[in-house]
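Structure first, commentary second.
Where a number appears in this text, it was derived from the coordinates with a stated rule and is not lab data. Computed from a predicted structure; not experimentally measured. Cβ atoms come from the backbone with ideal geometry, glycine included; neighbour counts cover every protein chain shown.
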Amino acid sequence: MFERIIATAFALVTSISAAGAANVNVKLLHVEQNPQASGFLKEIARRYAIEHPGVNVEIQYLENEAYKKKMTTLLQSPDRPHIIYSWGGGVLREQVEAGVIEDLSASMAGSWQERFNPAGIQAYTLNGKIYGVPMQVSQVGFFYNRDLFAKARVDAGAIKTWDDLLAAVKKLKAAGITPIIAGGADKWPLHFYWTHLAIRNGGKGAFEAALRGDGEGFAAAPFVKAGEQFRQLVDLEPFQPGFLGVTFPQSSGQFGDGKGAMVLQGNFMLNSMRANSADKKGVPDEKLGWFAFPTTAGGKGEASDTLGGLNGWLVTKGAPTQAVDFLKFLSRPEFQREAAARGFFIPVVKGTQDAIANPILRHIAENIGRSRYHQIFYDQALGPSVGAVVNDVSADIAAKVMTPKEAAQAVQQAWQLANQGSR
Amino acid sequence: MNGKLAVVLLFLPPALFLFTLFVALPMGEAAWYSVYNWNGYGTPENFVGLKNYILLFHDRAFRSALVNNLLIIVVSLAVQLPLAFALAVLVADRFRGAVTFRMIFFVPYILAEVAAGLIWRFVYDGDYGLVAKAATAVGFAAPYVLADRDLAMYAILVVIVWKYFGFHMMIYIAGLQQIDPNLYEAAHIDGATGRQILWRVTLPMLRPTIMLSVFFAVLGSIQFFDLIMPLTKGGPSDSTQTIVTYLYTYGVTRMRIGFGSAVGVVLFLICVAFAFGYNRIRTHQD
Amino acid sequence: MRYDTPVTIAPFLRIAVLLLFAGLVLIPLVATVLGGFKSLGDLRVNPFGLPESWEWDNYWSILSGPRYWHLLLNSLIISVLTAVLTLAAASMAAFVFAHVRFFGSRLLLQYLLLGLLFPAATAILPLFIKIRDLGLLDTYWGVVLPQVAFGLGMSILLFHNFFRQLPGELFDAALVDGCGYIRFFRYVTLPLSRPIIAVVGVIVFVHSWNSYLLPLVVLNRDSLYPWPLGMMAYQGEYSTDWQLVLAFVTLTILPAVCMFIVAQKYLVAGLTAGAVKG
């Protein structure tokens, strides 16, 4: 008790004084809410500090939404973290163009770069230079609760097309089970529906054409159709009551508590589910199922196309060289294998994926490996302002306040606005 | 006159300097930035004229914010102020417990808006909250008030009234206590009824107090941000945006300096319009 | 003296109405405080009543860690600095306006009082750019200095009003005795200004203590967070554990409620002083 008071006072005093005890302080900022997963990161930091005396790696956490909102102001601060978490895409591009991200090409050249899957390096390469260290891949798909599916006599294996999914939703509703859990307050969980439908409808071609500005861009038919199909689902009222006010962590907790049968999410949802469920465990592995996003009739996309993330770490300009060194340390295959085995994420380092213990994660890793078109989340790929609009329109379709056509047009308008004039 | 120069040169600059640097200049810069499309890095280069303003007024979310601010003003003036006045009348006397009641009613005002917002987020929570429990206790399904596009803003209005009625009540109490009781005696003697006294004596005497209360209410209504963020962050689907939450969401977090400055300029103009109108009414009365 | 109200109300009815409203005001607050003592499951089924079993650990886990105290310390530093600087700058400027007539003095006063009308939000983005360019992002000063600047309008108004009401003979007598302006300020005005210094100081302090938008935009390091930012960060982290969030909220509003109970006499007087006369 007394020691606690002393420790608190000491912590206060040392935290006010600017200089820490260590000679070099490396600050890393992440968004992992799950204490075991973040604990893993802290453990690596501890081991690094042991091997490199005089260097202290400080692992800081900021909640996902706050992190995204603060990043723009954060990067302008002289006190920004040295290592930041990234989803790549257009957001990364803007950050690089603003000149706040360190070019890692020189450090990565050679053996370090060789460790990673080429796709991972590719995702963090801009204008021929490497700006980040890839760390994990994720795929968005439907997680489902086997017990609830069984209760409604829905066979997950039979869900192959969009119409199959709609039929399953009706069956679940008829059985008195909430078909789908969604974190509408954060909006991005809803944008998965719209974007994955667009991927199924138009495939890689449509997206690349829109990026080039061909034709109607994001207002073209595949995107409008995606909105219409999403609206079909919304009209069935499949979501849990109050879903528009539920955040992602809450929604993960709700799924873990068995409040709904399915949730369309990336595999990172599992960490969130464990952290936010009432029993801190959520749906146990043997009761958990997964199936890929269904295909759409007449869609140009391939069934193997995936939507997901390719996340990594960036180093901000002016960071000490130990920051880069720590990332090299972190990406050692043995640590990546440990993370894979404990189910924290799917690593990108070559030869580590066989360590994945969880069968669902393994299945996802294989999907991504097989996919010829892995689309990074639109809200990150398209850059912060356009990405935000994609999120907005998805939520608006779900709230039935916007028509699919308006939604697609809004995205196209935002894209044009962001990409005209000087950048 | 030696002391005069010294005191002016010594005493004025600190305030002038701070004010100019952090208030006046940024105000001017807001107008300047608002005609550019700028993400904050380097210097603004992309001149777009009034485009930001046009975009602004076409944006459904912004129009919603304007409507919400108006709604807040109307509810503040039509619901909160009369309520505060009524309670002030009940509590202005010296009777046992009057001071305690006044303190209780004033407590919400002293809480930070952020804290009040978070407390009511709990109250309105569809799974754990008081409203949900009350609803299920009488047999209704628990409403998810803050997730309902139609209900959320009204829920927020309730919080606003809860938070500020005590403040206005205190202002009215002070005003009421300034009224010479002899006036009431005289009116009684003349045979006036309670209602007549209220309308003919009390309210006219309270005019300056009421004007002050209105001033604070309207100015406060325009600025709501801290209260909204913990409750709904402006959602669901932008149905509870106010001008300042809109500025934060669409300007600050997306680093659209030009666009956000345009919102700031619009806010500025609204305040100016109000100040003008208020002054007009005040000088008219005198 | 008894203040007669314009309308006579039956005492029973009056008490009933007052109790009703008092209840409506207090229920959310009491539920919050009690919520911190419940387990999550208990909170779910019983948000209104007393805890089934008193979980002291929710509150203790927050009080025993450095996080909470750190937040309060940051708020204290920022608010004290803001209050002291505002009092100094405003009292000095108001003094000049009250006693020295020079060309443009009226205009300057109007200029400074304009700040009363406009919320900080109107210029928050240019302000952010300015703070960044001055290198004050992520520092206490980045929050303190703008807060002082925005608080000057009201503070100068209040000081000015007060100074003008001080007896003019004092000043004349001092001038005759050869006392300079500055000495007068230091040895006469200030000592007499205790009440207004207390009022302005409290208003500025409380305003800074509760402020959210400016620190939100300026501060990114959580080691600098004042309590509103810290509270929201805590809620973001523990969003599904309402019992912890409620305990945290209770602890963060506790200083304010305590300060209120202690200072309520001055606070209420200050709010209405000069206001109705104004």
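In debye to the nearest 20, how big a dipole does segment B:73-239 give about its Cα centre with +1 on each Lys and Arg Cβ and -1 on each Asp and Glu Cβ?
Working: 11 positive and 11 negative charges, 46 e Å.
The calculation lands at about 220 debye.
Compute the label zone of C:Leu134 within segment B:17-48: residues whose backbone N is under 12 Å from the point 7 Å along Cα-to-Cβ.
B:17-26
Place a point 7 Å from Cα of A:Lys317 in the direction of its Cβ. Which residues in segment A:50-84 have their backbone N less than 11 Å from it?
A:76
I need to check one value: relative contact order of segment B:73-239, counting alpha carbon pairs closer than 8 Å and at least 6 residues apart, in percent.
Numbers: 158 pairs, mean separation 60.4, N = 167.
Value for segment B:73-239: 36 percent.
Across peptide C:83-90, what mean number of C-beta atoms from other chains lies inside 10 Å of a residue's C-beta?
Details: counts 0, 0, 3, 2, 0, 3, 9, 2.
Counting other chains' Cβ atoms within 10 Å and averaging over C:83-90 gives 2.
Within 10 Å of each Cβ of B:30-40, how many other protein chain Cβ atoms are there on average? Display every interim value, and only then the final one.
Values: counts 6, 2, 1, 4, 2, 0, 0, 5, 3, 8, 9.
The shielding value for this peptide is 4.
Work through the residues other than A:Pro294 whose Cβ is under 10 Å from its Cβ and net out their charges, Lys, Arg +1 and Asp, Glu -1.
On the way: positive: A:Lys160, A:Arg200; negative: A:Asp163, A:Asp164.
Combined, the nearby Lys, Arg, Asp and Glu give 0.
Among A:Ala399, A:Tyr144, A:Val386, which residue has its Cα furthest toward the positive end of the charge dipole of chain A, with +1 on Lys/Arg Cβ and -1 on Asp/Glu Cβ?
Most positive-ward Cα: A:Tyr144.
Please report, in debye to the nearest 20, how large the charge dipole of chain A is about its Cα centre when each Lys and Arg carries +1 at its beta carbon and each Asp and Glu carries -1 there.
On the way: 43 positive and 39 negative charges, 81 e Å.
Magnitude of the dipole: close to 400 debye.
Enumerate by residue number the GluC sites (Glu not before Pro) in segment A:151-239 meeting two conditions: DSSP loop (anything except H, G, I, E, B), and at most 15 other Cβ atoms within 10 Å of the site's Cβ. Please list the in-between numbers first.
Details: sites: A:Glu208, A:Glu216, A:Glu228; in loops: A:Glu216.
Loop-located and lightly packed - A:Glu216.
By the scheme Lys and Arg +1, Asp and Glu -1, what is the net charge of all other residues having a beta-carbon under 14 Å from that of B:Thr136? Before the final figure, lay out the partial values.
On the way: positive: B:Lys133, C:Arg44; negative: B:Asp125, B:Asp127.
My count for the surroundings of B:Thr136 gives 0.
Taking θ = phi - 60°, what integer Hz values does the Karplus form 6.51 cos²θ - 1.76 cosθ + 1.60 yield along segment B:11-18, in sequence order, with x for Gly and Pro?
So the Karplus estimates, Gly and Pro as x, are 8, 7, x, x, 5, 4, 5, 4 Hz.
Counting only C-alpha contacts under 8 Å and six or more residues apart, can you give the relative contact order of chain B as a whole percent?
Working: 305 pairs, mean separation 85.5, N = 286.
It comes to 30 percent, rounded to a whole number.
If you plug each phi of segment B:201-208 into the Karplus form 6.51 cos²θ - 1.76 cosθ + 1.60 with θ = phi - 60°, what whole-Hz ³J(HN,Hα) values come out, in order, with x for Gly and Pro?
10, 5, 4, x, 5, 8, 3, x
List the lysines whose alpha-carbon lies under 22 Å from that of A:Lys69, not counting same-chain residues fewer than 8 positions away?
Qualifying lysines at Cα under 22 Å: A:Lys27, A:Lys187, A:Lys317, B:Lys233, C:Lys130.
Which of the aspartates and glutamates could a cross-linker bridge to A:Lys259, judged by Cα under 14 Å and excluding same-chain residues fewer than eight apart?
Filter leaves A:Asp147, A:Asp279, B:Asp127.
Points 7 angstrom from Cα along the Cβ direction at A:Lys350 and A:Gln416: gap in nanometres?
In this crude spin-label approximation the distance works out to 4.6 nm.
For segment B:64-171, calculate the relative contact order in percent as a whole number, restricting contacts to Cα pairs under 8 Å that are 6 or more residues apart.
On the way: 87 pairs, mean separation 39.0, N = 108.
Relative CO of segment B:64-171 lands at 36 percent.
How crowded by other chains is A:412-419, given as the mean number of beta carbons from other chains within 10 Å of each beta carbon? The partial results should precede the final answer.
Details: counts 0, 1, 0, 0, 0, 5, 3, 0.
Whole-number average of other-chain Cβ neighbours for A:412-419 is 1.
Could you tell me the calculated FRET efficiency between B:Asp180 and B:Lys4, based on Cβ-Cβ distance and R0 = 56 angstrom, to the nearest 0.05? Don't skip to the end; give the middle numbers.
Values: r = 43 Å, r/R0 = 0.77.
Efficiency computed from Cβ-Cβ geometry: 0.85.
To the nearest 0.05, how large is the calculated FRET efficiency for A:Glu286 and B:Trp32 if R₀ is 51 Å and r is the Cβ-Cβ distance? Don't skip to the answer; put the middle values down first.
Numbers: r = 63 Å, r/R0 = 1.23.
Using R0 = 51 Å, I get an efficiency of 0.25.
So who's got an amide H within less than 5 Å of the one on A:Glu58, skipping anything under 5 residues away but keeping other chains? H placed 1.01 Å off N, in plane.
Counting only residues 5 or more places away or on other chains, the set is A:Val26, A:Lys27, A:Leu28.
By a straight-distance test (C-alpha under 19 Å), which aspartates and glutamates pair with A:Lys328 as possible cross-link partners, with residues fewer than eight away in the same chain excluded?
A:Glu43, A:Glu51, A:Glu58, A:Glu102, A:Asp103, A:Glu114, A:Glu338
Taking θ = phi - 60°, what integer Hz values does the Karplus form 6.51 cos²θ - 1.76 cosθ + 1.60 yield along segment C:177-193, in sequence order, with x for Gly and Pro?
These are the phi-based 3J(HN,Hα) values: 6, x, 7, x, 4, 5, 5, 4, 4, 6, 9, 10, 4, 4, x, 6, 8 Hz.
What is the set of long-range amide H partners of A:Phe116 at a cut-off below 5 Å, with H atoms built 1.01 Å from backbone N?
Excluding prolines and chain starts, which carry no amide H, the hits are A:Lys350.
How much length is gained if the chain between B:Leu70 and B:Phe215 is pulled fully straight, taking 0.36 nm per residue apart and subtracting their Cα-Cα distance, in nm to one decimal? Display every interim value, and only then the final one.
Numbers: separation 145, 0.36 × 145 = 52.20 nm, distance 1.46 nm.
The B:Leu70-B:Phe215 span can extend by a further 50.7 nm.
Determine, from the Cβ-Cβ distance of B:Leu198 and C:Ser223 and an R0 of 56 Å, the FRET efficiency 1/(1 + (r/R0)^6), rounded to the nearest 0.05. Show your work: numbers first, answer last.
On the way: r = 56 Å, r/R0 = 1.00.
Between B:Leu198 and C:Ser223 the formula returns 0.50.
Step through the table entries A:Lys160/A:Lys225; A:Lys68/B:Lys163; A:Lys68/B:Lys51, compare each Cα-Cα distance with 23 Å, and write down the pairs that go over it. Don't jump to the answer; show the numbers that get you there.
On the way: A:Lys160/A:Lys225 18 Å; A:Lys68/B:Lys163 31 Å; A:Lys68/B:Lys51 27 Å.
Listed pairs above 23 Å: A:Lys68/B:Lys163; A:Lys68/B:Lys51.
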